[in-house]
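What follows draws every value from the coordinates through simple rules; no lab data is involved. None of the values given here were measured: they were computed from a predicted structure. Positions of Cβ are backbone-derived with ideal geometry, glycine not excepted, and every protein chain shown enters the neighbour counts.
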Amino acid sequence: MSDDEPSDRTVFDQIEFVLCDLDGVVWLAREPVPGAPGAIERLRAAGRRVLFVTNNSVSVVHEQERALADIGIPASGDVVTSAQAAASLVERGQRVYVCGGPGVREALETRAATIVGPGNRSVPDAVIVGLDREFGYAKLDTASSAIRGGARFIATNDDATFPTPTGFTPGAGSIVAAVATAAGRTPTIAGKPYGPMAELVRRECGPGFSARSALMVGDRWSTDGAFADALGCAFALVRSGVTSPGVAAGGVADIDEPDLAGVVDVILG
């Protein structure tokens, strides 16, 4: 390293925004990863803004904030979801058919869009597909028919799975793939690591945000690492979720630690 190159310590001191994935980083099925609540508290005490950036589109924002509070992490106004990113692609008053959970519906209501039911005969302006635990053949038929009829196809995210304490469970990407196959169309994907979520995060962080001022923390390089690349910021990989210890990450991480507490040790020195 030359004398005029910044040291790692200088780079870490520039971090003002820590963008933190939830599943596999902060919790697993709402059970905290050991050390995560304390790590968040240490970051905030050191003056860092912590923003929780999740591809979870099922839960409404208040429910996620309350669940974080239940494990000792106040989070009011600090949760950004793929449902919000998907809704940002819809204009006020547009008609939308939803294959997804309450989080998508909440985001669309905030956007002042109109949610249409399966019995509506006219083609909606858009179809938004996310994780839907009531998904079945009828919804697949309705969504794919609307998309073939000209409705815009928007996906909250394309994560095929997400981690739980007992292993992996199907994610939104598995449902999106089924709709894409039936419709013969490729969706616009809103969540990490794609542009709509990146733009949403920039807006939420405000004018003080820059690539040098941010660090993305996640457990999956293909989602969280690629999202860091989209933002141009550093990436910290934790091995408490999708990527187990000793498994190849699939890309380069600026920090590679067992868990969030280890990442915070590195950031704060």
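For the chain, what does the helix formula give at 222 nm: sum of -39500 (n - 2.57) over DSSP H segments with n ≥ 4, over the residue count, nearest 500 deg cm²/dmol? Can you show the working numbers first?
Values: 10 runs with 91 residues, N = 269.
It lands at -9500 deg cm²/dmol.
Would you give the gap between the C-alpha center of segment 237-258 and the C-alpha center of segment 82-114, rounded to a whole Å?
Rounded to whole Å, the Cα centres lie 33 Å apart.
Quick one: grab the alpha carbon gyration tensor of segment 82-142, order the square roots of its eigenvalues as a ≥ b ≥ c, and give me rounded if a/c is under 1.5, else prolate or oblate depending on whether a/b is larger than b/c. Don't skip to the answer; put the middle values down first.
Working: a/c = 2.18, a/b = 1.21, b/c = 1.80.
Oblate, since a/c reaches 1.5 and b/c is not below a/b.
Based on a Kirkwood Rh over C-alpha pairs, give the Stokes-Einstein translational diffusion coefficient of the chain at 4 °C and viscosity 1.567 mPa s in µm²/s. Kindly include the intermediate steps, with their values, before the conclusion.
On the way: Rh = 19.0 Å.
For these conditions, the coefficient is 68 µm²/s.
What list of ³J(HN,Hα) couplings, whole Hz, do you get for segment 109-121 from phi and the Karplus terms 6.51, -1.76, 1.60, once you set θ to phi - 60° and write x for glycine and proline?
For segment 109-121, the Karplus-derived couplings read 5, 4, 7, 6, 8, 9, 8, 9, x, x, x, 5, 7 Hz, x marking Gly and Pro.
What area, in nm² and to one decimal, does the C-alpha convex hull of segment 54-177 cast on average over all directions? Please report the intermediate quantities before stating the final value.
Values: hull surface 31.4 nm².
The orientation-averaged projected area of the Cα hull of segment 54-177 comes to 7.8 nm².
Can you tell me how much longer the chain between Thr166 and Ala249 gets when fully stretched, taken as 0.36 nm per residue apart minus their C-alpha distance, in nm with one decimal?
Details: separation 83, 0.36 × 83 = 29.88 nm, distance 2.11 nm.
Net length gain for the segment: 27.8 nm.
What is the sum of charges, Lys and Arg at +1 and Asp and Glu at -1, for the other residues whose Cβ falls under 15 Å from the Cβ of Pro245? Before the final figure, lay out the partial values.
Working: positive: Arg220, Arg239; negative: Asp219, Asp256, Glu257, Asp259.
Summing Lys/Arg as +1 and Asp/Glu as -1 gives -2.
Hey, can you grab everything whose amide H is under 5 Å from the amide H of Arg239? Only 5+ residues off in sequence or another chain; H modelled, so Pro and N-termini drop out.
Long-range HN contacts for Arg239: Glu257, Asp259.
Near the amide H of Thr161, under 5 Å away, which other amide H atoms are found, from residues 5 or more places off or on another chain, if H is placed in the peptide plane?
Gly171
Given H placed on each backbone N at 1.01 Å, which residues far from Arg95 in sequence or on other chains put an amide H within less than 5 Å of it?
Amide H neighbours of Arg95, under 5 Å, 5+ apart: Thr114, Asp125, Ala126.
Kindly write out, for segment 156-164 in residue order, the coupling ³J(HN,Hα) from the Karplus curve 6.51 cos²θ - 1.76 cosθ + 1.60 (θ = phi - 60°), rounded to whole Hz, with x marking Gly and Pro.
Rounded to whole hertz, the list is 5, 6, 10, 5, 5, 9, 9, x, 9.
So what J values fall out for segment 48-64 if you push phi through Karplus, 6.51 cos²θ - 1.76 cosθ + 1.60 with θ = phi - 60°, rounded to Hz, Gly and Pro as x?
8, 7, 10, 10, 8, 10, 10, 8, 5, 10, 6, 7, 5, 4, 4, 5, 5
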